[in-house]
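Working notes, beginning with the structure itself.
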Amino acid sequence: MTQAVRPDFATALAHSGLLAALAAFDPHVVGTPPLGLDVPTSDIDIVCCAPDFLSFTTLMWDGFRHEQCFGLRQWRSGERAVVASFTAHGWPFEVFASPRPVAQQAGWRHFRIEKRLLELGGAALRRQVMARRRAGAKTEPAFAQVLGLAGDAYAALLDLEDVSDTALRRLIVGAAG
């Protein structure tokens, strides 16, 4: 039996109508597919700013509850973010809603630094990170392993946000050498 080939993430996202539905919540796509680092188990992640969780959960319930594997959950601590998940058009989706503006959310900040690192490191860095991803590493730990970052991978990547391009290039070259 052959496994169905799923469409590229942009096609699945467009067919889902999710970004249009979430327009009032400043949705931003993050994660591995837009970075070109996805593996067969990757999902489509979207971060949103939702100061009013009731409006967000109502929208997700009304618009997407009939999708496969639909679920809504709320964190019990911190900012008590709400996460909606479902599967559609061959992809799992996860929508993260926080009361914080998207620019302040860790998911968006990780995405931005990863994108910047890939732009600076080129194909060689992408190959190294993908090798770690294919071996089972999550994205942030894969970057941290390749770059030789110690400690918590998620915090270590955030520490690179304000580092100059020159210093990031040196880090990338040093890690490759």
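The values are calculated or read from the model by the stated rules, or taken from the named source; none is laboratory data. Bear in mind the structure is a predicted one, so any value in this text is a computation, not a measurement. All Cβ positions, glycine included, derive from the backbone under ideal geometry; neighbour counts span all protein chains shown. Accessible surface areas use protein heavy atoms only, side chains included; no ligands, DNA or RNA. Shrake-Rupley method; radii C 1.70, N 1.55, O 1.52, S 1.80 Å.
Quick rundown of the values:
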quantity: Residue satisfying condition, being at pLDDT 95 or above, among the aromatic types (Phe, Trp, Tyr) and over 22 Å from residue 8 (Cβ atoms), within set 70, 64, 111; calculated: 70
quantity: Which listed residue is among the hydrophobic types (A, V, I, L, M, F, W, C), over 22 Å from residue 104 (Cβ atoms) and assigned to a loop (DSSP other than H, G, I, E, B), from 37, 13; calculated: 37
quantity: Some residue of the stretch 18-32 being open to solvent by 20 Å² or more (accessible area, probe 1.4 Å), of a type outside the set (A, V, I, L, M, F, W, C) and out of contact with any strand residue (DSSP E or B) (no Cβ under 9 Å at 6 or more places or on another chain); calculated: no
quantity: Top-ranked residue in the stretch 156-177 [being part of a loop (DSSP other than H, G, I, E, B) and in contact with a helix residue (DSSP H, G or I) (Cβ under 6 Å, 6 or more places away or on another chain); ranked as surrounded by the fewest Cβ atoms within 10 Å (Cβ to Cβ)]; calculated: 161
